Amino acid sequence: MRWEDASNTAITSNVDYTVGSVSMVSNTASITLTVKKASTASTTYSCVIDSSEHGTTNDKYSVNLNVYTIADIADVAAATATDKLITCTVNGLTTGGTISWKNGATALTNDGSNFAISSPAMTGGSQESVLTIKPSGFTSLTGTTLTLTCEFTSSDITSTPKGEKTFQLTKLTFDASTSGTGAVVSGLANSNTAVTCTVTGVTQIPTIAWNDESGASIAPGNTDFNIGSTTISGNTATGVLTVQKALTADSIFTCLVTSPEWAKTNDPYTKDINVFTISVPKKKKVPTATLR
């Protein structure tokens, strides 16, 4: 018994392959080929049998090595107050298998309270699993940045090495009270003053609204104020309120943050404007002397 590749070339043990010895158990003979080289496409190998007792020579039996791939999983930054869904997809399958998830070397279980794991059957050569991390699941995961793994075990040959795809999970922390320019800004009396509301730890643009110094909501189009668009860079969102009316005394403005991913609705964060003035000294009369 021996092995040949797709071009009918005999295979010997080398850096790409390991050809095992023929073994005999009862009335069954076997020989194992281990493919060590990287395979990017499915390949057909032939097991070639010569049997004098059966009068056969060069009897070939094709064995298909089906190559599957696990799609890359992008690194994830997640708010920990709501569920986070992460998908692992395996492509190029002829038969399905089992998809599991790990945090480091620790298996994540489908317990329903911390984690939910769905793994539908193979469809059209692909199989995917969705890991849902619940708020309590984030709490159970120790650390801020973790290495998670999606692991696939083929049902064809259970001894085949498991396929793995790892990615980084970063647990975000929400903050809006002391970020950006801080809780206090200074403004010159009777001049425009910009107040910034900075929200960190977000992956989606939150809604930022404003209340004026009396606590009343500032409506768009109010000529006393200009509400800028909320922008996001990385995991930081920024909203700017420009006070266009004259302020003559210290005032407190409030930014109201609504963030579905953090389960927050109109959370208030105050920003104080300390109004200062610049006094111009009066001109003094300088006595003049008359020369005689």
- Message: Exactly one of these conditions fails for E128: (1) part of a loop (DSSP other than H, G, I, E, B); (2) charged (D, E, K, R); (3) within 16 Å of E164 (Cβ to Cβ). Give me its number.
- Response: (1)
- Query: Any idea which residue in region 100-121 is surrounded by the fewest Cβ atoms within 10 Å (Cβ to Cβ), counting only those that are part of a strand (DSSP E or B) and hydroxyl-bearing (S, T, Y)?
  - Reply: T106
- Query: In region 122-144, how many residues are within 21 Å of S42 (Cβ to Cβ), in contact (Cβ under 8 Å) with a residue 12 or more places away in the chain and either open to solvent by less than 70 Å² (accessible area, probe 1.4 Å) or not acidic (D, E) (or both)?
  - Reply: 4
- Message: Can you say whether V67 is open to solvent by 50 Å² or more (accessible area, probe 1.4 Å) and within 30 Å of S21 (Cβ to Cβ), as far as the supplied structure shows?
- Response: no
- Note on the structure: Note on region 247-263: residues open to solvent by less than 20 Å² (accessible area, probe 1.4 Å) and under 25 Å from T231 (Cβ atoms) are S251, F253, C255, V257, S259, E261
- Could you list, in sequence order, all residues of region 36-79 that are at pLDDT below 90 and on the phi > 0 side of the Ramachandran plot? G55
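So that you can scan it fast, the table gives a plain yes or no per residue for (1) closer than 30 Å to T254 by Cα; (2) modelled with pLDDT of 85 or more:
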position	(1), (2)
G125	no, yes
F138	no, yes
L146	no, yes
E151	no, yes
T160	no, no
A176	yes, yes
T181	yes, no
S191	yes, no
E213	yes, yes
- Task: Can you work out which of the residues in region 80-99 that are modelled with pLDDT of 95 or more and polar (S, T, N, Q) is surrounded by the fewest Cβ atoms within 10 Å (Cβ to Cβ)?
- Result: T87
- Any idea how many residues of region 14-41 are open to solvent by less than 60 Å² (accessible area, probe 1.4 Å) and either farther than 30 Å from G125 by Cα or in a strand (DSSP E or B) (or both)? 9
- Message: As an exercise: evaluate S46 against (1) surrounded by 17 or more Cβ atoms within 10 Å (Cβ to Cβ); (2) part of a loop (DSSP other than H, G, I, E, B) and give the number of the one condition it does not meet.
- Response: (2)
- Task: Of all residues in region 218-243, count the ones that are exposed (fewer than 13 other Cβ atoms within 10 Å of the Cβ) and of a type outside the set (V, I, T).
- Result: 7
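The values are calculated or read from the model by the stated rules, or taken from the named source; none is laboratory data. If you're wondering where the values come from, they're calculated on a predicted model, not measured in any experiment. With ideal geometry, Cβ positions are generated from the backbone for all residues, glycine too; neighbour counts draw on all protein chains shown. Areas reflect the complete protein model, heavy atoms only, side chains present, ligands, DNA and RNA absent. Shrake-Rupley method; radii C 1.70, N 1.55, O 1.52, S 1.80 Å.
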